[in-house]
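We did not get these values from a lab; they are worked out from the coordinates using the rules stated. Keep in mind it's a predicted model, so treat the numbers as computed, not measured. Every residue, glycine among them, receives a Cβ derived from its backbone with ideal geometry; neighbour counts consider all protein chains shown.
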Amino acid sequence: MAKYPSRAVRGSALIWILIVLALLAGAYYFYARSAPRSAAGGGRGGLEARPAAVSAEPARLADLDVRIASLGTVTPVSTVTVRSLVDGQLQKIYFTEGQLVQAGAPLADIDARPFQVQKEQGEALLARDQALLDNARLDLDRFRTLLSQDSVAKQQVDTQEALVRQYEATVKLDQAQIDTASLQLTYAHITAPAAGRVGLRLVDTGNMIHPSDASGLAVITQLRPITVLFSIPQDALPGVQKRFKAGLPMVVEAYDRDGKTLLATGKLVTVDNQIDQSTGTVKLRAEFPNADESLFPNQFVNVQLIADQIKGATVVPTAAVQRSTSATYVYVVSAQKTVAVRPIETGPAERGVTAVTKGIAAGEQVVVDGVDKLRDGAAVDLVAPASAAGTAAIPAAGPGTRGGRGGGRRSGDGTGTPPAAPQS
């Protein structure tokens, strides 16, 4: 009788067959995956590389602004609460809410009749006391004549002199009361203490108003010019102080909350006299003409202080600058349309361009778009920069030149793995 393998032996053989098949399938999958990668790496796998489509721009010479970014609060030059200086009934209001007024413009009237009565009473008292004073002076002259003739006692002359001084003081008091009533009559006519925009009306006509009222009649805020209060790190203070004390103009730009729209351009006017120890910053104040009233009190803005300017700097689009854990580099396009990894040293960045202090010369083309699958020595096919999204504009050399916004990005090979750090 034939002897067949046991069930355990047959099961073991089947397992080994499955293992062999799995290994063969894995080897085929690995070969299929690695072949295109070798081709993209410049033909090192023996296959012809297909050029990668990239956009490139040349490094250029430009005047680059050194900017200090900060958050700021719009602060009016003056804010005045209009209050009455006397007690009385509000009779008439001359302003409308939101109106622009000049200093001294009429705002409201208070019932002035009580103050007019007080003035008339003071004038009557002054006339009476002035007559008494004149009579006392005449009597004093008579007594002095009699004293010279030894006809009256010296005591009577002294008493009359004291009476004259008393009436003189009374006359001064009466005049002071008249002046007080006249001043109250002036206060009954309320005028604008400063130029600016009037806010909401806080009191209606017919109400009794008092100097002690907390809310007042209205609030006037000066909008032209207006200031922005912001802070900079204490490490940046020496450079700012040097230019500020030298009288060099220091431009300050205010942007909206997103930091994209320029709202106003002004100048630095004040540097605070102490550093905030809790934050390590110092406060600065900038003034803006604000002719179009684009800045509003208590508005939060993004502030950029132009602290310095680098003349003739070599700049590249910030999108071209790549970073790894150990180096900063760019992909430089050669005349043979291949790319080479070039380590660089960067300086300040401004609006989409970055200054390169070492590693790149003006005129060399750097890849700004399409770096994701590049490797050192890879062949490339250049496309127009306008067709590449996010290409940064490079400012030409010259005073006041600005560039577009942009940002560097970390390159990879399309699989999420960053390239190896370039060797300098």
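Ranked by the mean number of other Cβ atoms within 10 Å of their residues, highest first, the peptides 204-213, 366-375 fall in the order 366-375, 204-213. A simple packing score, the average count of other Cβ atoms within 10 Å per residue, orders the peptides 176-183, 327-334, 219-226 as 327-334, 219-226, 176-183, with the highest score first.
Distances between placed amide hydrogens fall under 5 Å for V219 paired with V82, G199, L200, all partners being 5 or more residues away or on another chain.
Quick one: which residues, 5+ away or cross-chain, put their amide H under 5 Å from the amide H of T191? H built at 1.01 Å from N. For T191, whose amide H was placed from the backbone, the distant partners under 5 Å are L107.
For the listed residue pairs K283/K358; K92/K119; K311/K337, the alpha carbons are over 28 angstrom apart in K283/K358; K311/K337. Annotation: amide H-H contacts under 5 Å for G88 (H modelled 1.01 Å from N, sequence separation of 5 or more, or interchain): I209. Restricting the GluC sites (Glu not before Pro) of the stretch 96-148 to loop positions (DSSP other than H, G, I, E, B) with no more than 13 neighbouring Cβ atoms within 10 Å leaves E97. In sequence order, the stretch 334-345 has phi-based couplings of 8, 5, 7, 6, 10, 10, 10, 6, 10, x, 9, 10 Hz under the Karplus curve 6.51 cos²θ - 1.76 cosθ + 1.60, θ = phi - 60°, and Gly or Pro positions carry x. Can you compute the modelled spin-label distance between S78 and L24, with each label point 7 Å from Cα toward Cβ, in nm? Modelled inter-label distance: 9.5 nm. Using the alpha carbons alone, the radius of gyration of the stretch 112-187 stands to its Kirkwood radius in an Rg to Rh ratio of 1.23.
Based on C-alpha pairs under 8 angstrom that are at least 6 apart in sequence, the stretch 112-187 has a relative contact order of 56 percent.
Using R₀ = 45 Å, calculate the FRET efficiency as 1/(1 + (r/R₀)^6) where r is the Cβ-Cβ separation of A124 and V219; round to 0.05. Result of the calculation: an efficiency of 0.65. Among the trypsin sites (Lys or Arg not before Pro) found in the stretch 274-349, those both in a DSSP coil and sparsely packed, with 16 or fewer other Cβ atoms within 10 Å of their Cβ, are K337. Applying the Karplus relation 6.51 cos²θ - 1.76 cosθ + 1.60 with θ = phi - 60° to the stretch 285-301 yields 3J(HN,Hα) values of 10, 10, 10, 10, x, 6, 4, 8, 6, 6, 9, 10, x, 6, 6, 8, 9 Hz, where x marks Gly and Pro. What whole-number distance in Å separates the alpha-carbon centres of the stretch 302-347 and the stretch 158-173? About 91 Å separates the Cα centre of the stretch 302-347 from the one of the stretch 158-173.
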